[in-house]
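Participant: Before anything else, here's the structure in question.
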Amino acid sequence: MAPENEPPPGLMAGQALHFAALAALLALTAAGWGWLGRPAPVAFGTAVAMPIAHQLFVWLAWRTELGSKAVSRTIGFGGYMALFFLLFGGRFVTLLWLAWIDRGSLGLPSALAATAGVLLAMPGVYTMHSVARYFGFARAAGADHFDERYRTMPLVRRGVFRYTSNGMYAVAFLLFWAIALGFNSSAALVVAAFSHAYIWVHYYATERPDMAWLYGRPGHEG
């Protein structure tokens, strides 16, 4: 449980790491895109912007909620959930758009690309099923920042969580790689790499400090 005599992480706690890592990832992503010849600039830029918008929203929502319950007093947890999953879904939609426009650019044999896409999608889909059945999407979205009842729930050790305590970041994000490879898209592959790396930046810069305060230990199951 959160300590009564210790303030929660401030808005900017861990964010020097966040923005430094984001700048480095954007530089690498831009370099990769440039090496490919800068295909589909609008779709590529949108597919990169969506993960940034999503994770900036979560950072601001979590920290202002812990500090002053600002989200609960304005849009409420329901509003937060709606925006969270709108932005989360937008990551898939924009990547699919880019992958479709840029399809075939990776140059893999079609059968190999399709097989790789399916093989990567399978654990990702299993993870989403595990979240829905055993963990709950509200909890995965950070409900413990809003409702203390979530902080006393037992750890989940079923489904994908038998193998990893962080199935969403470690496994579910393979769905982005599956989209890129399934469409045989080099540009989408660059964005998938950016998106997967950037979610771990969120973990270390924002989520881990929050978990240390909420539970008295770093890390997160979700």
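The values are calculated or read from the model by the stated rules, or taken from the named source; none is laboratory data. These numbers come from a predicted model, not from an experiment. Ideal geometry is used to build each Cβ from the backbone, glycine not excepted, and the neighbour counts take in all protein chains shown.
Participant: State whether one or more residues within segment 146-161 are under 19 Å from residue 198 (Cα atoms) and crowded, with 17+ Cβ neighbours inside 10 Å.
Facilitator: no
Participant: Still on this structure: Only one of (1) buried (at least 16 other Cβ atoms within 10 Å of the Cβ); (2) at positive phi is not met by residue 63, so which one is it?
Facilitator: It is condition (2) that residue 63 fails.
Participant: If you take the residues of segment 161-203 that are free of Cβ contacts under 8 Å to residues at least 24 places away in the same chain and outside any helix (DSSP H, G or I), which of them is nearest to residue 20 (Cα to Cα)?
Facilitator: Step by step, filter segment 161-203, then rank; the result is 164.
Participant: Next question, about the same structure. State whether one or more residues within segment 204-218 are aliphatic (A, V, I, L, M), within 11 Å of the chain's Cα centre (by Cα), modelled with pLDDT of 95 or more and assigned to a helix (DSSP H, G or I).
Facilitator: There is no residue in segment 204-218 that is aliphatic (A, V, I, L, M), within 11 Å of the chain's Cα centre (by Cα), modelled with pLDDT of 95 or more and assigned to a helix (DSSP H, G or I).
Participant: So which residues in segment 170-195 are within 21 Å of residue 56 (Cβ to Cβ) and buried (at least 18 other Cβ atoms within 10 Å of the Cβ), if there are any at all?
Facilitator: If the condition is that a residue be within 21 Å of residue 56 (Cβ to Cβ) and buried (at least 18 other Cβ atoms within 10 Å of the Cβ), then 172, 173, 176, 190, 191, 192, 194, 195 are the ones that fit.
Participant: Restrict the check to segment 62-76 and report whether at least one residue is modelled with pLDDT of 95 or more, small (Gly, Ala, Ser) and within 19 Å of the chain's Cα centre (by Cα).
Facilitator: Checking segment 62-76: not a single residue is modelled with pLDDT of 95 or more, small (Gly, Ala, Ser) and within 19 Å of the chain's Cα centre (by Cα).
Participant: Can you go through 132, 114 and tell me which one is without any contact (Cβ under 8 Å) to a residue 40 or more places away in the chain and surrounded by fewer than 18 Cβ atoms within 10 Å (Cβ to Cβ)? Explain how you work it out, then say what you get.
Facilitator: Working: 114 fails: without any contact (Cβ under 8 Å) to a residue 40 or more places away in the chain.
None of the others qualify; the one that does is 132.
Participant: Going through segment 8-46 one residue at a time, which ones are crowded, with 18+ Cβ neighbours inside 10 Å and of a type in the set (Phe, Trp, Tyr)?
Facilitator: Selection gives 33, 44.
Every residue, every condition in (1) part of a helix (DSSP H, G or I); (2) within 29 Å of residue 212 (Cβ to Cβ); (3) modelled with pLDDT under 95; (4) touching a helix residue (DSSP H, G or I) at 6+ places or on another chain (Cβ under 9 Å), yes or no:
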| position | (1), (2), (3), (4) |
| --- | --- |
| 23 | yes, yes, no, no |
| 33 | yes, no, no, yes |
| 43 | yes, no, no, yes |
| 47 | yes, no, no, yes |
| 50 | yes, yes, no, yes |
| 58 | yes, yes, no, yes |
| 85 | yes, yes, no, yes |
